[in-house]
1. On the given criteria, is A:Ala192 surrounded by 11 or more Cβ atoms within 10 Å (Cβ to Cβ) and more than 29 Å from A:Arg14 (Cβ to Cβ)?
2. Go through A:Arg162, A:Arg213, A:Arg198, A:Arg179 for me and flag whichever is outside any loop (DSSP other than H, G, I, E, B), open to solvent by 40 Å² or more (accessible area, probe 1.4 Å) and closer than 30 Å to B:Val35 by Cβ.
3. Which condition from (1) part of a helix (DSSP H, G or I); (2) more than 7 Å from chain B (Cβ to nearest Cβ); (3) modelled with pLDDT of 85 or more is the one that A:Arg172 breaks?
4. Do the conditions hold for B:Leu43, that is, is it over 21 Å from B:Ser151 (Cα atoms), in contact with a Leu (Cβ under 8 Å, 6 or more places away or on another chain) and without any contact (Cβ under 8 Å) to a residue 12 or more places away in the chain?
5. Can you name the condition, by its number, that A:Ser229 falls short on among (1) within 10 Å of chain B (Cβ to nearest Cβ); (2) within 27 Å of the chain's Cα centre (by Cα); (3) surrounded by 17 or more Cβ atoms within 10 Å (Cβ to Cβ)?
6. Select the helices (runs of 4 or more DSSP H) contained entirely in segment A:52-151, then report the ones holding at least 2 residues which are open to solvent by 20 Å² or more (accessible area, probe 1.4 Å) and over 29 Å from A:Leu35 (Cβ atoms).
7. If you go through segment A:1-32, how many residues are open to solvent by 40 Å² or more (accessible area, probe 1.4 Å), in contact (Cβ under 8 Å) with a residue 12 or more places away in the chain and hydroxyl-bearing (Ser, Thr, Tyr)?
8. Would you point out which residue out of B:Phe142, B:Phe172, B:Phe113 is in contact with a strand residue (DSSP E or B) (Cβ under 9 Å, 6 or more places away or on another chain) and either within 14 Å of chain A (Cβ to nearest Cβ) or among the hydrophobic types (A, V, I, L, M, F, W, C) (or both)?
Amino acid sequence: MLPLDTIAYTNRWRPRHPGEKALLSLGLLVCAVALPVWPGALVVGAVATVILFGPAGLSVGQAAHALRVPLGFVVAGSLPLLFAVGGSTGVRIDLHGLTLAAQLAGRSTAALLCLLLFAATTPLADVLPRLANLGVPPAVTEITALMYRMLFLLLDTVRAIREAQASRLGFRNWSTSYRSLAGQGAAVFVRAFDRARRMDEGLALRGYTGSLRVDVESRPVSRSFVLLSAAVLVAVVTVTLTIRLALQ
Amino acid sequence: MHIAEGYLPPLHAAAWTVAAAPFVVHGCRALVRQVRTDPESKLLLGAAGAFSFVLSALKLPSVTGSCSHPTGTGLGAILFKPPIMSVLGCIVLFFQAVILAHGGLTTLGANTFSMAIVGPWVGYGIYALIRKLGGGLGVAVFLAAALADLSTYCVTSIQLALAFPDADSGVFGAAVKFGSIFAITQVPLAISEGFLTVLVIRLLIKASPGELSRLGVVRDSVRRSGASAASVGEVAA
């Protein structure tokens with residue numbers, strides 16, 4: 001399993017209804033993007049951090065591991081804003097760009113924390129069967145669920161093939177590395193379709209009619225959690241706008 | 001490179017979602033129609049989607065000594081065609097956002113537009129054109145994969161430039177700025193992905209000619225002459 005998925009399955013909020021967690025985390029995400037960056041990013045980021053490490057029970061190590069790559073993307077994406085091109089000097093350091101880069105990094109970090117709050121508490125297996133309730137065609141949700149089931153098997157396959165290739169000096173130089181990578185890609189393709197065909201045969205023998213219905217565990221929506229989440233969102237908007245007005 | 005969560009201003013994020021929506025909806029309709037007429041294809045489409053996800057997780061060696069990941073948009077478009085790839089690509093990007101925290105939900109529309117729509121259509125267009133003009137499979141696959149990768153990053157540069165115009169030279173200057181920075185890594189990576197995709201297709205012709213014929217990538221004559229005895233193990237070795 002992937003690290004973030006493992007965290008989601010073992011998280012203390014896992015038994016909660018996905019809709020409750022979506023309201024809180026995606027509501028905060030909308031606040032992070034829609035509210036003025038200063039002080040919106042700071043307020044949303046702080047609230048998301050407190051919830052992540054407090055009630056949601058994530059450790060700092062887990063959060064750092066999950067966020068290190070996306071934060072790298074944010075930093076890499078912010079660097080070009082520090083420079084202005086054209087004009088008489090060709091390339092110059094843009095002081096206004098520094099402010100813009102800081103704002104952007106702040107908003108992205110806050111948004112990433114909100115995304116992490118949802119991703120680290122809600123396994124996709126809980127979300128996918130409920131997507132049909134949001135109007136997604138059943139065929140699309142079923143294919144999405146099949147993809148989710150198969151991708152872990154295929155990732156394990158790639159890992160096993162990669163280890164086997166590495167132990168046979170398959171990554172000794174560029175030429176062998178490309179050959180090994182092509183082998184991985186082709187093997188995954190063959191395995192994926194072979195597995196799909198075997199699943200199809202297995203289902204046909206069990207009277208498959210074209211519908212892949214799964215048993216969705218019924219989880220009551222906690223009214224107190226929903227009310228508390230709504231209160232948090234209202235508080236975030238109010239505090240942000242109050243600070244903003246006070247600063248002006 | 002995905003556009004990270006929260007990176008785009010809300011209006012831009014919404015506009016790119018609106019721009020991507022018709023392609024994804026069209027792809028969804030095509031997919032629903034296909035599943036209705038051929039229920040078996042549901043499992044094969046699931047396999048195709050999972051393959052697309054795993055393909056983007058392969059570690060490609062780069063000239064800087066580090067590793068990067070292929071976009072897989074060119075290969076996906078050649079194998080499964082662009083309308084299906086728009087849906088599968090969108091789902092893959094959703095998975096990457098929710099189980100890897102790469103990309104994001106607010107930037108899903110923008111990332112879908114560049115990686116699941118423009119990349120596959122450019123790749124497939126190049127592939128179809130070269131094949132129609134009588135070009136070889138290897139050349140067609142190489143150019144399709146490389147240009148699909150490059151076009152994805154060109155669109156990403158334009159998306160970022162529109163959101164953050166340069167102080168001196170505006171949107172055009174910003175597009176050149178973002179494009180130049182991406183080009184340092186992306187031009188070698190696009191060439192790498194082109195070579196890798198050619199190797200993958202060659203291996204698939206040996207190992208899975210029936211499937212490639214069913215997908216319309218090779219003709220039956222190639223399938224019959226293909227080394228059908230090649231096993232999965234032989235491919236991976």
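1. Working: surrounded by 11 or more Cβ atoms within 10 Å (Cβ to Cβ): yes; more than 29 Å from A:Arg14 (Cβ to Cβ): no.
The answer is no for A:Ala192.
2. Details: A:Arg162 fails: closer than 30 Å to B:Val35 by Cβ; A:Arg213 fails: outside any loop (DSSP other than H, G, I, E, B); A:Arg179 fails: closer than 30 Å to B:Val35 by Cβ.
The match here is A:Arg198.
3. (1)
4. Values: over 21 Å from B:Ser151 (Cα atoms): yes; in contact with a Leu (Cβ under 8 Å, 6 or more places away or on another chain): yes; without any contact (Cβ under 8 Å) to a residue 12 or more places away in the chain: yes.
Spelling it out, B:Leu43 is indeed over 21 Å from B:Ser151 (Cα atoms), in contact with a Leu (Cβ under 8 Å, 6 or more places away or on another chain) and without any contact (Cβ under 8 Å) to a residue 12 or more places away in the chain.
5. (1)
6. Numbers: elements: A:60-78, A:95-119, A:124-127.
Correct list: empty, since no element meets the threshold.
7. Result for segment A:1-32: 1.
8. Working: B:Phe142 fails: in contact with a strand residue (DSSP E or B) (Cβ under 9 Å, 6 or more places away or on another chain); B:Phe113 fails: in contact with a strand residue (DSSP E or B) (Cβ under 9 Å, 6 or more places away or on another chain).
Of the residues listed, the single one that is in contact with a strand residue (DSSP E or B) (Cβ under 9 Å, 6 or more places away or on another chain) and either within 14 Å of chain A (Cβ to nearest Cβ) or among the hydrophobic types (A, V, I, L, M, F, W, C) (or both) is B:Phe172.
The values are calculated or read from the model by the stated rules, or taken from the named source; none is laboratory data. Values in this document were obtained by computation on a predicted structure and should not be read as measured data. Neighbour counts are summed over all protein chains in view; Cβ atoms, including those assigned to glycine, are modelled from backbone coordinates with ideal geometry. Just so you know, the surface numbers come from the protein's heavy atoms only, side chains and all, with ligands and any DNA or RNA stripped out. Shrake-Rupley method; radii C 1.70, N 1.55, O 1.52, S 1.80 Å.
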